[in-house]
1. For D40 and D444 in the same chain, what is the full-extension length gain: residue separation times 0.36 nm, less their Cα-Cα distance, in nm?
2. Compare Y173, Y157, Y270 by solvent-accessible area with a 1.4 Å probe and give them largest first, with all protein chains kept in place.
3. Using a 1.4 Å probe over the heavy atoms of the protein chains, calculate the carbon and sulfur portion of the accessible area of region 230-303 as a whole percent.
4. Under a crude label model (7 Å from the Cα following the beta-carbon direction), how far is Y171 from R549 in nanometres?
5. Would you kindly state how much longer the chain becomes between K290 and Q264 on full extension, computed as 0.36 nm times their sequence separation minus their alpha carbon distance, in nm to one decimal?
6. Report the full-extension gain for the segment E527 to E463: residue separation times 0.36 nm, less the Cα-Cα distance, to one decimal in nm.
7. In whole Å, what is the distance between the alpha-carbon centres of region 510-557 and region 163-227?
8. Say each of R250 and A97 gets a label point 7 Å from the Cα, pointing the same way as Cα to Cβ; how far apart are those two points in nm?
Amino acid sequence: MRDYLTRMPRDYLAVATPGAGKTTFALSLAAELIGRRIVDRIVVVAPTEHLKLQWAEAAAKAGIPIDPTYSAGKGKISSDFLGVAVTYAGVAVNPLAMRIRTERFKTLVILDEVHHAGDALSWGEGVREAFQPAARRVALTGTPFRSDVNPIPFVTYAPGDDGVPRSVADYTYGYAQALADHVVRPVLFLAYSGEMQWRTRAGDEIVARLGEPLTKDLTSQALRTALDPAGSWIPSVLEAADRRLSEVRRHVPDAGGLVICTDQESARAYAKVLRRISGEAPVVVLSDEKAASKKISEFSTSQARWMVAVRMVSEGVDVPRLAVGVYATTTSTPLFFAQAVGRFVRARSRGESASVFVPSVPALLGFASEMEVERDHVLGRKVSDEGDIFAAEKELMAAAEATQSEGDDEGLPFEALGSEARFDRVLYDGGEFGHAGEVHVGSDEEMDFLGIPGLLEPGQMRELLQQRQSDRAKKQKSATPEPDTIAEVSTHEQLAVLRRELNGLVAAWHHRTGKAHGITHAALRKECGGPAAAVANAEQLHLRIDRIREWAARKSS
């Protein structure tokens, strides 16, 4: 506020972490500018219909009545209102009507989550045309900018040291700073891995461990197998998340949980699982339902345990009591991940923490460990010489390989055959915590982390994580040494070890011969007999391990 009122710029870009109070800042600024007669009217541009309502409710508390039902071309509004709230899509439909309205009054335009102005070419052009005459424009964003090279209207770009244009924010308030100021909660990421089995379109049966180095397609299929409600992975993780929520509610009685899903079918299936686990039917929010906004508002003020949603609660939606989340969607872009996690970081009182359950996928774990990294919007690199002529294409290829967006694997049909969940590790404040070896769901080792109190300062959280990890390591060291032979361990552990050994040999055979994993598994089954590896017994797995070793010896000789 002080920075803006000192400089009084026409355009202002505020980049602040979700939960830091961007809405409060913008409305406080609007009230100040109206009081000084610098502007007469307000236009709020938001990404979704629900956020229009949320802005209108927040503005009403600030003494600024805003009409959230206005649509471009509607004409006059009631004299009771000082402004309107519209969506980016609504502006693109009729930018000329919005321009006429903007020209008629001294208008302040608030562009919420301004990166959406680059979602479609028509959206950006519509925003530019509609609000070019505005007296003041304030752009807000709380998540990493888009990874494309479309300039965002009314955002200033300046070349960096490498000559590449980057967005220039007037004010930046990052997650690390907000955490130090006790404005947001610390986030505990609980990662779960496990063994997945699926059949490809070609009929190949693949067994892989979630989180192991795999190709982009295999990683995507392993994640989709984990999120299949018919498997064991998602029910196990939802049960663990519900136990975590129960622990948090011991200290924060109204704490709620949110499951973010890929599609409506998954949302309904997960809701049935949660009802069986918690004994309470969760609130299901689907984006095409007329009552979606009302459901979110009711949940935010209720004592209900769980809400299950597809995308509506991913960005900007304010439900401060959310404390536990399950990231159960195939969308794995940095933008969406930051938006989703932003739903859990808003602090109400000191000591509250957030817990987010995530699949143990390298891209997601990378985003989780980089929570404090700030990123500017980078435009295309300038070509400096002939050797640099393909720089732009290389950057786009790198971005495509590094991130996976929803729908990228739609052309890769497959059939999920089975999944199991294993607790992997906890990520917190840039560090990783966990136990040696495989940690089973429901074990004491898992409860070391699920049972962390719901009220802890950031420093206390780190000390407790380190202490529990250390205590468990001492217990394991002082306990009876683990058996040397595979026959002495329990059946499920023996089978897990054998499957891992077989999968490792199949992977080595693939690198040596180029044959797909599924083809090799099928050939072993044909020669040795028995069902798929995920359900084969120890004797059958031993036979296949011996047989592939024979193949390797024959090929070497």
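1. This chain segment gains 139.3 nm when fully extended.
2. Y157, Y173, Y270
3. Carbon plus sulfur share of accessible area: 46 percent.
4. If labels sit at Y171 and R549, their model points lie 6.8 nm apart.
5. 7.9 nm
6. 17.7 nm
7. Here the two parts' Cα centres lie 32 Å apart.
8. Distance between the two pseudo-spin positions: 5.6 nm.
The values are calculated or read from the model by the stated rules, or taken from the named source; none is laboratory data. A quick note: this is a predicted structure, and the numbers were derived from the prediction, not measured. In this analysis, Cβ positions are derived from the backbone assuming ideal geometry, glycine residues included, and neighbour counts consider all displayed protein chains. These area figures cover heavy atoms from the full protein model, side chains too; ligands, DNA and RNA do not enter into them. Shrake-Rupley method; radii C 1.70, N 1.55, O 1.52, S 1.80 Å.
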